[in-house]
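> Sending over a structure as structure tokens; questions will come in a sec.
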Amino acid sequence: MIRKIEIPEEVEVEVTDAGVNVKGNGEEVNVDIGHPLVDITSGNGSVTIETKQDNRKVSSISNTFKSKIENAIEGVMEGYEYKLKLIYKHFPMEVRTQGNKLVVSNFLGEKEDREADILEGVEVEVDDEDIFVRGADKDKVGQTAANIESNMQAPNKKDRRVFEDGIYIVEKPSTES
């Protein structure tokens with residue numbers, strides 16, 4: 001089975017042994033993909049994904065590779081953005097970025113700061129009670145937003161109906177592809 005992805009003129013795609021490198025608009029996304037039953041080549045303004053066997057498992061792997069490459073192309077052209085909301089009732093929180101971490105002080109009155117990892121190539125902007133996570137790599141942007149949300153929720157021993165404090169994802173990229 002052969003799948004083709006058209007490459008826009010402003011985007012450059014390079015297929016290597018380790019995966020696919022997509023460059024454009026000053027951004028670069030490296031997609032680490034590879035499988036012995038799937039060949040990926042580029043040329044003539046397109047990327048071709050060809051399977052060596054025609055079965056469901058290999059077909060689903062090639063569909064995943066196609067989606068990852070399309071996401072990388074869209075990421076370098078337009079980028080991805082998640083919006084998170086800071087919610088607190090009990091203790092006002094202070095949120096800031098510090099290097100490759102998002103640091104939250106005074107979460108539920110805790111004396112120690114809480115931290116969430118910001119992955120490489122991802123930008124986090126704190127604007128009052130809104131937090132914007134942006135970048136070209138869809139996987140890294142989504143993982144960074146998930147790191148923030150999962151590390152900034154009330155402990156399980158607290159009643160979630162009362163202690164709604166935390167940082168929550170309120171908007172994420174659409175999945176129209």
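Computed from the coordinates by the stated procedures, all read-outs in this text should not be read as laboratory data. If you're wondering where the values come from, they're calculated on a predicted model, not measured in any experiment. Here the Cβ is made from the backbone with ideal geometry for all residues, glycine too, and neighbour counts use every protein chain on show.
> For the condition without any contact (Cβ under 8 Å) to a residue 60 or more places away in the chain, surrounded by 11 or more Cβ atoms within 10 Å (Cβ to Cβ) and in a strand (DSSP E or B), what is the one hit in Ile5, Ile33, Ile40?
Ile40
> Any idea which of (1) farther than 20 Å from Ser67 by Cβ; (2) in contact with a strand residue (DSSP E or B) (Cβ under 6 Å, 6 or more places away or on another chain) is the one Asp117 doesn't satisfy?
All conditions pass for Asp117, except number (2).
> Let me ask something else about it. Return yes or no: is Tyr80 within 30 Å of Val11 (Cα to Cα) and either touching a residue at least 24 places away in the same chain (Cβ under 8 Å) or crowded, with 17+ Cβ neighbours inside 10 Å (or both)?
yes
> Here is a list of conditions, (1) farther than 29 Å from Asn71 by Cα; (2) without any contact (Cβ under 8 Å) to a residue 40 or more places away in the chain; (3) crowded, with 20+ Cβ neighbours inside 10 Å, and Asn106 meets all of them except one; can you say which number that is?
Going through the list (1) farther than 29 Å from Asn71 by Cα; (2) without any contact (Cβ under 8 Å) to a residue 40 or more places away in the chain; (3) crowded, with 20+ Cβ neighbours inside 10 Å, Asn106 breaks only (3).
> Same structure again: Within region 48-80, which residues are among the β-branched types (Val, Ile, Thr) and assigned to a helix (DSSP H, G or I)?
Val58, Ile61, Thr64, Ile69, Ile73, Val76
> A further question follows. Restricting to region 19-30, what's the tally of residues that are within 8 Å of Val76 (Cβ to Cβ) and surrounded by 15 or more Cβ atoms within 10 Å (Cβ to Cβ)?
6
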